[in-house]
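What follows is a short report on a single structure.
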Amino acid sequence: MLLEIGIIVVKILAVIGLVLPLAGMLGWIERKGSALIQDRIGANRASIFGFAGAGLVNTMMADPLKFATKEDIIPRGADRFLHTLAPCVNLFPVLVAFAVIPFADVLVVGDRIINMQIAPLGVGIMYVLAMMSLGVYGVVLGGWASNNRWSLLGGIRGSAQMISYELPLGLAIVAMVLTYGTFDLQAMARAQGQLLWGWLPAWGILYQPVAFLILLIAGIAESKRIPFDLPESESELISGYFTEYSGIKHLMFFMTDFVEVIIVSALLTTFFFGGWQVPYLTASGFVFPWGGTLDLPNLVIVVLQMASFTLKIVFFCWFQIMIRWTIPRFRYDQLMHLGWLGLLPLGFANIIVTAVMILAFQ
Amino acid sequence: MVPATYYLALSIVLFVIGAVGFLIRRNLIIMFMSIELMLNAANLAFVTFARQQLAMDGQVIVFFVMTVAAGEVAVGLAIIIALFRHRETLNADEVRMLRW
Amino acid sequence: MTPLTFFPLAALIVAAALGVILNRHPIRSGLCLAATLFLLAIMFVFLDAHLVAALQIIVYAGAILVLFLFVIMLLNLEAELPQRRRQNLTIAATVAGGLFAAAGIYALFTSGGQLPGPGTAAAPPLEFGSSAALGYRLFTHFVLPFEITAVLLLVAVLGAVVLAKKKMS
């Protein structure tokens with residue numbers, strides 16, 4: 001009993017230990033990437049003894065320190081309790097959404113089989129959807145509790161946008177559930193270990209390219225990043241719903257942004273790019289389609305799978321950052337048109353086609 | 001194990017809170033929220049009975065209640081917005097044009 | 001669910017529900033309602049209704065309540081002033097509600113007859129509360145209500161659009 005609790009605690013710490021530093025790193029990667037795209041030198045102020053190579057580590061440490069030492073300001077007339085509650089409500093659901101994301105296959109220690117997923121819930125993906133749908137409360141609360149018209153506008157925009165894009169997100173996920181026939185993300189990741197025609201890894205992107213596109217777009221919209229950053233568009237609303245935040249609370253809004261990027265990346269990876277699968281790596285080691293096998297111990301396999309999963313997540317984070325610095329912001333009507341007239345019908349069509357295909361090939 | 005009667009008692013309390021709220025508040029939105037409270041009290045009772053009987057029917061009905069609530073809220077809030085545009089108020093006592 | 005977890009959770013739910021009807025500001029009421037729904041979802045998990053709990057959060061807390069908050073913010077509603085002249089009705093409603101609740105709970109605990117069924121102590125089958133079990137029941141026995149609900153939703157969408165649309169001149 002105690003051992004089981006211990007294992008779960010270790011798993012939680014491992015996931016948090018992966019996600020939070022990665023979110024911190026993304027802060028640096030984002031600025032460095034923007035500098036790269038805009039042809040300038042960026043994010044080189046925080047350096048110890050002028051050693052630029054450590055910029056990543058330095059920025060990761062300097063940023064939270066800087067935020068922590070800033071004064072925490074609550075504007076006059078603001079709702080003090082809700083103003084403080086908002087960043088917590090914003091960060092909490094996206095962090096706990098990682099509970100059902102599988103980051104490797106099973107680890108066998110002695111006669112104990114450890115599922116490398118914090119909570120193997122039967123409702124799996126529904127849980128992620130539920131947590132993501134709670135994310136809108138932080139936006140609404142932050143916007144309303146600040147007693148600032150721009151914040152309020154940001155909050156209104158944010159809630160409308162997140163409700164609108166939750167539908168295509170859900171529809172894309174329905175198509176994936178149809179494809180794999182399960183709600184469990186671990187089972188989905190396992191199903192992608194098969195090979196098509198004996199050599200091609202059967203990753204979800206081959207079955208559901210349209211769902212991938214919808215999930216990517218809706219996911220970026222859910223995380224409120226450019227080109228969907230209307231709720232916080234700095235040229236119109238200063239910072240939208242978190243204009244009136246400073247210090248640690250601002251850092252929490254900031255972190256939420258990056259954690260959302262990571263959870264979208266994790267979902268894309270798990271659905272469409274094999275999750276923790278390494279091509280041709282089976283439970284006993286590599287089995288190559290051109291003949292030849294390479295037996296590996298279970299621990300090495302798990303480490304390889306975790307590395308593969310992390311690598312894919314980092315790739316999609318980078319991809320989203322590149323999108324952020326490449327595409328200009330939508331107008332509000334364009335945003336709504338894309339969501340309701342573009343992605344939503346596409347999502348429905350995708351589900352119908354998927355269902356017909358499944359029936360036809362049964 | 002807590003017997004089903006405890007859950008049902010909680011359900012009754014929730015329902016009464018919703019009903020009283022509907023009667024004592026005059027803000028249309030809060031009255032609407034009180035209705036949601038009553039619906040949720042009913043949902044709790046349905047889920048409790050499903051667990052008690054180990055039959056899925058109760059949970060299926062909760063599914064329907066949620067769907068109906070979603071439709072009801074969409075229409076209801078649209079009515080509230082339309083009302084607010086015309087009358088600039090959400091006080092149920094001040095909206096009395098069709099009352100005798 | 002042991003009494004040790006049930007009573008604190010039930011107390012929280014009741015407190016949040018009271019917050020809905022007692023708060024003067026609609027936004028705060030809405031947030032209390034969100035808390036109520038979230039806590040009820042936890043209650044559903046303890047009652048082995050996992051899918052219903054997830055739906056409760058996705059549909060109720062994630063969509064319906066957000067719509068409420070959206071409308072409150074859109075109309076920029078302020079806190080109500082306390083209304084003196086309705087005091088009689090308030091007292092009457094509270095007393096009547098309290099009596100109703102007391103009568104209901106009294107009947108519940110003193111009727112003596114056991115509720116039918118295996119009871120909450122019996123271990124549920126593995127499938128109970130899962131999406132597969134709920135889906136199977138939904139698409140076999142309840143398929144007609146399901147279809148009617150679909151029509152209802154369509155009508156609701158049309159109604160909402162027509163009602164909320166600005167008059168075109």
- Scan region A:229-253 residue by residue and report those that are acidic (Asp, Glu) and either touching a helix residue (DSSP H, G or I) at 6+ places or on another chain (Cβ under 6 Å) or buried (at least 20 other Cβ atoms within 10 Å of the Cβ) (or both). A:Asp229, A:Glu232, A:Glu244
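Here is a yes/no grid of residues against (1) away from chain C (no Cβ under 14 Å); (2) among the aromatic types (Phe, Trp, Tyr); (3) free of Cβ contacts under 8 Å to residues at least 24 places away in the same chain; (4) open to solvent by 30 Å² or more (accessible area, probe 1.4 Å):
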| position | (1), (2), (3), (4) |
| --- | --- |
| A:Lys66 | yes, no, yes, yes |
| A:Pro87 | yes, no, no, no |
| A:Ala104 | yes, no, no, no |
| A:Ile114 | yes, no, no, no |
| A:Pro120 | no, no, no, yes |
| A:Tyr127 | no, yes, no, yes |
| A:Trp150 | no, yes, no, yes |
| A:Gly154 | no, no, no, no |
| A:Arg157 | no, no, no, yes |
- Task: Considering only region C:36-48, state which residues are at the interface with chain A (Cβ under 10 Å from one of its Cβ atoms) and buried (at least 19 other Cβ atoms within 10 Å of the Cβ).
- Result: C:Phe38, C:Ala41
- Can you tell me which residue among C:Leu158, C:Leu152 is more than 8 Å from every other protein chain (Cβ to nearest Cβ), open to solvent by 60 Å² or more (accessible area, probe 1.4 Å) and more than 28 Å from C:Leu47 (Cα to Cα)? C:Leu158
- Scan (1) of a type outside the set (S, T, N, Q); (2) in a loop (DSSP other than H, G, I, E, B); (3) in contact with a strand residue (DSSP E or B) (Cβ under 9 Å, 6 or more places away or on another chain) for the single condition A:Val300 breaks and write down its number. (2)
- Filter result (part of a helix (DSSP H, G or I) and among the small types (Gly, Ala, Ser)) within region A:94-145: A:Ala97, A:Ala99, A:Ala130, A:Ser133, A:Gly135, A:Gly138, A:Gly142, A:Gly143, A:Ala145
- Query: Inside region C:133-147, can you point out the residues that are loosely packed, with under 14 Cβ neighbours inside 10 Å, of a type outside the set (S, T, N, Q) and more than 9 Å from chain B (Cβ to nearest Cβ)?
  - Reply: C:Phe139, C:Val143, C:Leu144, C:Glu147
- Does at least one position in region C:53-65 carry a residue that is more than 14 Å from chain A (Cβ to nearest Cβ) and not basic (Lys, Arg)? no
- Selection from region A:170-191 of residues that are within 20 Å of the chain's Cα centre (by Cα) and assigned to a loop (DSSP other than H, G, I, E, B): A:Phe183, A:Asp184
- helices (runs of 4 or more DSSP H) within region B:1-92 that include 3 or more residues of a type outside the set (D, E, K, R), open to solvent by 20 Å² or more (accessible area, probe 1.4 Å) and facing another protein chain (nearest Cβ under 7 Å): B:4-24, B:57-87
- Residue check: is A:Ile226 more than 14 Å from chain C (Cβ to nearest Cβ), touching a helix residue (DSSP H, G or I) at 6+ places or on another chain (Cβ under 6 Å), of a type in the set (Val, Ile, Thr) and assigned to a helix (DSSP H, G or I)? no
- When (1) assigned to a loop (DSSP other than H, G, I, E, B); (2) within 25 Å of A:Gly347 (Cα to Cα) are applied to A:Trp276, the one that fails is (2)
- Given (1) modelled with pLDDT of 90 or more; (2) away from chain A (no Cβ under 12 Å); (3) open to solvent by less than 40 Å² (accessible area, probe 1.4 Å), number of the condition C:Ala15 does not satisfy: (3)
- Query: Of the conditions (1) farther than 30 Å from C:Gly119 by Cα; (2) open to solvent by 30 Å² or more (accessible area, probe 1.4 Å); (3) at the interface with another protein chain (Cβ under 7 Å from one of its Cβ atoms), C:Pro26 fails just one. Which one is it?
  - Reply: (2)
- Query: Mind checking which residues of region C:128-169 are more than 23 Å from the chain's Cα centre (by Cα) and in a loop (DSSP other than H, G, I, E, B)?
  - Reply: C:His141, C:Lys165, C:Lys166, C:Lys167, C:Met168, C:Ser169
- Note on the structure: Among the residues of region A:317-344, the number that are among the polar types (S, T, N, Q) and exposed (fewer than 15 other Cβ atoms within 10 Å of the Cβ) is 2
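The values are calculated or read from the model by the stated rules, or taken from the named source; none is laboratory data. What you see is a predicted model, and the numbers here were worked out from it, not measured in a lab. With ideal geometry, Cβ positions are generated from the backbone for all residues, glycine too; neighbour counts draw on all protein chains shown. Please note that ligands, DNA and RNA were not included when accessible areas were found on the heavy atoms of the full protein model with its side chains. Shrake-Rupley method; radii C 1.70, N 1.55, O 1.52, S 1.80 Å.
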